[in-house]
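K.L.:
The structure follows.
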Amino acid sequence: MKIIRFLLLVQVLLGGLICEHLYAQSDFSNNRLPEAVLQFEIKPSITDPSITNADTPHMVIYNPDIKQGKLLLYIPGTNGIATKGPIAFFTTAIEQGYRVINLSYINTPAIAQICRNEPLANCEDCAEKFRQYRIYGDNTFSLVDDKPQDAIVNRLTKLLKCLILKYDYTIFTNIINGIANFFWTRG
């Protein structure tokens with residue numbers, strides 16, 4: 001059921017968002033990517049105006065000369081910042097034909113900070129519900145203030161849509177089609 005909801009969400013969200021702004025990527029201090037690589041910073045609120053929390057930019061990096069169309073979605077951990085990340089890892093992935101998205105999302109507080117002591121005693125599946133809410137935004141989880149639009153799936157979908165509509169990046173259209181085919185054949 002979750003897979004079907006995700007696919008429906010992707011189909012619905014691909015209908016009409018207009019992405020207005022993209023920002024040039026910072027230089028990562030002394031740890032730079034190769035020159036052939038394109039990189040962008042895109043604030044989540046640009047892709048979905050209802051997103052107001054954790055509005056630090058997503059980072060999108062790829063080599064336009066490589067047409068393989070694979071996606072590496074990097075989700076930083078607790079206190080992670082999407083405009084920073086393991087540049088050597090990203091470079092290797094890009095050289096292997098991946099497009100890299102380092103996704104900005106609400107990543108604090110951590111599950112271990114919330115699902116312990118009394119909350120854990122009262123709800124054995126606290127961690128599962130927490131994760132489901134952070135990823136899909138589709139259940140009620142009263143221990144964090146995240147909103148459904150803050151969910152990882154919403155942020156990723158809106159980011160991909162922004163890239164497709166604003167820049168006609170068919171490489172990202174192919175990625176969405178690949179994700180849909182993967183879920184439908186295994187669902």
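The values are calculated or read from the model by the stated rules, or taken from the named source; none is laboratory data. Note that the structure is predicted; figures quoted are calculated from it, not measured. Positions of Cβ are backbone-derived with ideal geometry, glycine not excepted, and every protein chain shown enters the neighbour counts.
K.L.:
Take the residues of segment 76-93 that are in contact with a strand residue (DSSP E or B) (Cβ under 6 Å, 6 or more places away or on another chain) and small (Gly, Ala, Ser): which is nearest to ALA110 (Cα to Cα)?
P.N.:
Start the filter on segment 76-93 by keeping residues that are in contact with a strand residue (DSSP E or B) (Cβ under 6 Å, 6 or more places away or on another chain), which leaves 82-83, 85, 90, 93.
Still in the running and small (Gly, Ala, Ser): 82, 85, 93.
Numbers: ALA82: 16, GLY85: 19, ALA93: 27 Å.
Top of the filtered list is ALA82.
K.L.:
Is it fair to say ALA121 is surrounded by fewer than 18 Cβ atoms within 10 Å (Cβ to Cβ) and more than 30 Å from LEU165 (Cβ to Cβ)? Show your work before the answer.
P.N.:
Details: surrounded by fewer than 18 Cβ atoms within 10 Å (Cβ to Cβ): yes; more than 30 Å from LEU165 (Cβ to Cβ): yes.
Against the criterion (surrounded by fewer than 18 Cβ atoms within 10 Å (Cβ to Cβ) and more than 30 Å from LEU165 (Cβ to Cβ)), ALA121 qualifies.
K.L.:
With respect to THR78, is the statement that it is exposed (fewer than 13 other Cβ atoms within 10 Å of the Cβ) and hydroxyl-bearing (Ser, Thr, Tyr) true? Spell out how you get there, then give the answer.
P.N.:
Numbers: exposed (fewer than 13 other Cβ atoms within 10 Å of the Cβ): yes; hydroxyl-bearing (Ser, Thr, Tyr): yes.
Criteria met by THR78.
K.L.:
I want to confirm something. Restricting to segment 92-118 and keeping residues that are of a type in the set (D, E, K, R) and under 12 Å from LEU143 (Cβ atoms), which single residue is surrounded by the fewest Cβ atoms within 10 Å (Cβ to Cβ)? Break it down stepwise before answering.
P.N.:
Looking only at segment 92-118, we keep the residues that are of a type in the set (D, E, K, R), and these are 95, 99, 116, 118.
Imposing the further condition that a residue be under 12 Å from LEU143 (Cβ atoms) reduces the set to 116, 118.
Working: ARG116: 12, GLU118: 7.
Only one residue fits best here, namely GLU118.
K.L.:
Something else: For segment 132-151, how many residues are more than 15 Å from ALA110 (Cα to Cα) and of a type in the set (Phe, Trp, Tyr)?
P.N.:
Final tally of qualifying residues: 1.
K.L.:
In this structure, is GLU128 surrounded by fewer than 15 Cβ atoms within 10 Å (Cβ to Cβ), over 30 Å from LEU33 (Cβ atoms), out of contact with any Phe, Trp or Tyr (no Cβ under 8 Å at 6 or more places or on another chain) and at pLDDT below 85?
P.N.:
When the stated conditions are applied, GLU128 does not pass them.
K.L.:
Of all residues in segment 84-137, which are touching a Leu at 6+ places or on another chain (Cβ under 9 Å) and among the β-branched types (Val, Ile, Thr)?
P.N.:
ILE87, THR91, ILE94, VAL100, ILE101, ILE114, listed by residue number.
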